[in-house]
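Here's the structure we're looking at; comments come further down.
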Amino acid sequence: YPPRLKEIYDPPPVLYVRGDLLPRDEVAIAVVGTRRPTIYGRQVAEELVTDLVRSQITIISGLARGIDSVAHRTALDHQGHTIAVFASGLDMVYPAEHAALAREVLGQGALVSELPLGTPPRAEHFPRRNRIMSGMSLGVLVVEAGEASGALITARLALEQDREVFAVPGSILSPVSRGTN
C-alpha cells in the first residue's frame, strides 16, 4: 500500500494492483488535463513529462484520452515508471482503445484501482479515482483544463491533501486553458 496514500482524508481500504509499485514511486507527480488537448498542450505535456522522467520521477495519471495518455506514453517512451489509476476494476480498461497502452504501462509500472474486478467505469468513480492519483503523488501537474474539467477536481483534491499543484498557463483565448489560467 503506498505510504503517501495513507495520509489522505479518505484512503481506499483496499487497493488492487497489477504490476510493480516500487519504493521510488514515492517520488511521483500526477499529470492530468483535458481529453482534447491542443498541439501546444500535447507538446508541453511531452516536454514536462520527459524532464520529470529524466529526473527519476514516477508519472501517475488516469489512462484517459488526451493529456493522461500523452503523459503515460511519454513516460513509456523515455523508459520511465508510470502508474495508471483506474475508475473501474482492473479487468475493464477505459477507454477501451487504451487496452494496448494499459498493457505497456503494466510492463513499466502498475495499474491501480480501489474497485474490484468486474466493476465497470461509472461517472461517480472518476472523482474518487482522482483522489488516489493526487494522494499517491507529491503534486499534480495540470496541462490544459476547461472550467468544468475533471482535472480541476484532481487539483482541488491535491490542495485538500496538502499536495503541490502546478498549472501550465495557456492562451487567454483558449477554452481548454480557462481552468489552468
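Per q in 0.09, 0.10, 0.13 1/Å, what log10 I(q)/I(0) does a Debye calculation on the alpha-carbon atoms of the chain return? The Debye formula, applied to the Cα set alone, gives -0.26, -0.32, -0.56.
A DSSP coil position with no more than 15 other Cβ atoms inside 10 Å describes the following GluC sites (Glu not before Pro) in the range 111-153: E124, E147.
With helices as the sole contributors, the chain gives -10000 deg cm²/dmol at 222 nm; each DSSP H run of n ≥ 4 counts as -39500 (n - 2.57), and the sum is divided by every residue.
Using C-alpha pairs below 8 Å separated by at least 6 residues, the relative contact order for the chain is 25 percent. Using 1/(1 + (r/R0)^6) with R0 = 35 angstrom and r between the beta carbons of D162 and Q56, what's the FRET efficiency to the nearest 0.05? For R0 = 35 Å, the calculated efficiency reads 0.95. Using a probe radius of 1.4 angstrom, the carbon and sulfur fraction of the accessible surface of the chain is 55%. Entry comment: accessible area of the chain is 47 Å² per residue, from protein heavy atoms only and a probe of 1.4 Å. So if we plug the beta-carbon distance of A100 and I172 into 1/(1 + (r/R0)^6) with R0 = 41 Å, what FRET efficiency do we get, rounded to 0.05? The pair A100/I172 has a calculated efficiency of 0.65. Comparing mean-square fluctuations of A123, A100, A30 from a GNM of the chain with C-alpha springs under 10 Å, the top value falls on A123.
The values are calculated or read from the model by the stated rules, or taken from the named source; none is laboratory data. These numbers come from a predicted model, not from an experiment. A quick note on method: Cβ atoms are made from the backbone with ideal geometry, for glycine too, and the neighbour counts reach across all protein chains shown. In case anyone asks, the SASA skips ligands and DNA or RNA and just uses the protein heavy atoms, side chains included. Shrake-Rupley method; radii C 1.70, N 1.55, O 1.52, S 1.80 Å.
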